[in-house]
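K.L.:
Input: one structure, supplied below.
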């Protein structure tokens, strides 16, 4: 048997209730549910790392000025290539802000406003 570790995890009460409800639906303990969720997430990240797209490798973390964004056509220009874009949490475009690329999914980049 593998050595087990214990750590304290803080979360909102609402999230805890959701986890408890899901665990109950699956006839499992919250601990077992969380362990499986973490294992699945780490495995999926491992798979993503082995088949990472050019966009993901080159653009994640790159800061984009508002001048590179064509709001009218829904495009952003990154390294000379135009991509569709989404702004995190469906925020409105703000021409006074710069944005950072936080996700690349096919030809769609997700941007987050840079907070200074």
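The values are calculated or read from the model by the stated rules, or taken from the named source; none is laboratory data. Source: prediction; values computed, not measured. Here Cβ is always computed from backbone atoms with ideal geometry, including for glycine, and neighbour counts include all displayed protein chains.
K.L.:
Collect the residues in region 78-95 that are under 21 Å from the mean Cα position of the chain (by Cα), over 11 Å from residue 108 (Cα atoms) and outside any loop (DSSP other than H, G, I, E, B), keeping them in residue-number order.
P.N.:
78, 88, 89, 90
K.L.:
Scanning for something touching a helix residue (DSSP H, G or I) at 6+ places or on another chain (Cβ under 9 Å), part of a loop (DSSP other than H, G, I, E, B) and surrounded by 11 or more Cβ atoms within 10 Å (Cβ to Cβ), does region 7-21 turn up at least one residue?
P.N.:
Looking for residues that are touching a helix residue (DSSP H, G or I) at 6+ places or on another chain (Cβ under 9 Å), part of a loop (DSSP other than H, G, I, E, B) and surrounded by 11 or more Cβ atoms within 10 Å (Cβ to Cβ), one finds none in region 7-21, hence no.
K.L.:
Tell me, yes or no, whether region 38-57 has at least one residue that is assigned to a helix (DSSP H, G or I), in contact with a strand residue (DSSP E or B) (Cβ under 6 Å, 6 or more places away or on another chain) and either modelled with pLDDT under 90 or over 25 Å from residue 113 (Cα atoms) (or both).
P.N.:
yes
K.L.:
Restricting the first residue to region 27-45 and requiring it to be surrounded by fewer than 13 Cβ atoms within 10 Å (Cβ to Cβ), which pairs with a second residue that is assigned to a helix (DSSP H, G or I) meet a Cβ separation below 7 Å and a spacing of at least six or different chains?
P.N.:
Going by the 7 Å Cβ cut-off, the qualifying pairs are 29/23.
K.L.:
Let me ask something additional. Can you name every residue in region 96-116 that is more than 16 Å from the chain's Cα centre (by Cα) and modelled with pLDDT of 90 or more?
P.N.:
Passing the criteria: 96, 97, 98.
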